Amino acid sequence: MSKRTAAIKTKHKAWWRHGLEILILGGIFLGVMRWQERHLLSNDDHQKAPAQILVGLDEKTHALPINNQKQLLYFFAPWCTVCDISIDNIELQRNALLEKGYQVRYIALDWKGQQEVQVFVDDNELTFPVLMGTKETMQQYSIKGFPTYYLIDDSGVITAGSQGYSTSLGIWLRSLGS
């Protein structure tokens, strides 16, 4: 076997090995995501989103879910660093979500006071309504970690959900399913 042929075979093996490593890492990543999201409300059995009436920072009452309206509900804690980083990705998708007919609602949970939530909102320059969630909200929406979000169709059925950091692209891709 010539040196050139040996070099080509070695290069070919390296590509296969790298491809296999990427597949294994991708599988591990997806497995961890599924395990992390195992407690979320199901979108497989056409489960309806729990009905709630919450007070917003605007001091008005807001119904969840909104009748005949697609929604993205983003549950966050004002002390959560991952929330602070990932909430910008929803704001980046603002126009795309609105064009698809989504109303976005941010729901603050595990807060100490309204001022703490207001500081988070101001720091992140949030443009969608922010609602003050309760322990009952956490229980009914099965929130075990932050951030968590759900996509809800116009009949109130949960179509997707995720927990943890979500990219702008990930949010946009999940919104295509509704």
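The values are calculated or read from the model by the stated rules, or taken from the named source; none is laboratory data. Everything quoted here is computed from the prediction, not taken from an experiment. Cβ atoms come from the backbone with ideal geometry, glycine included; neighbour counts cover every protein chain shown.
A few comments on the model shown:
- Set Thr127, Thr167: member being surrounded by fewer than 19 Cβ atoms within 10 Å (Cβ to Cβ), modelled with pLDDT of 90 or more and in contact with a helix residue (DSSP H, G or I) (Cβ under 9 Å, 6 or more places away or on another chain): Thr127
- Checking each residue in region 98-124 for being surrounded by fewer than 22 Cβ atoms within 10 Å (Cβ to Cβ) and either among the aliphatic types (A, V, I, L, M) or outside the structural domain of Asn68 (by TED's automatic domain parsing) (or both) picks out Leu98, Val104, Val119, Val121.
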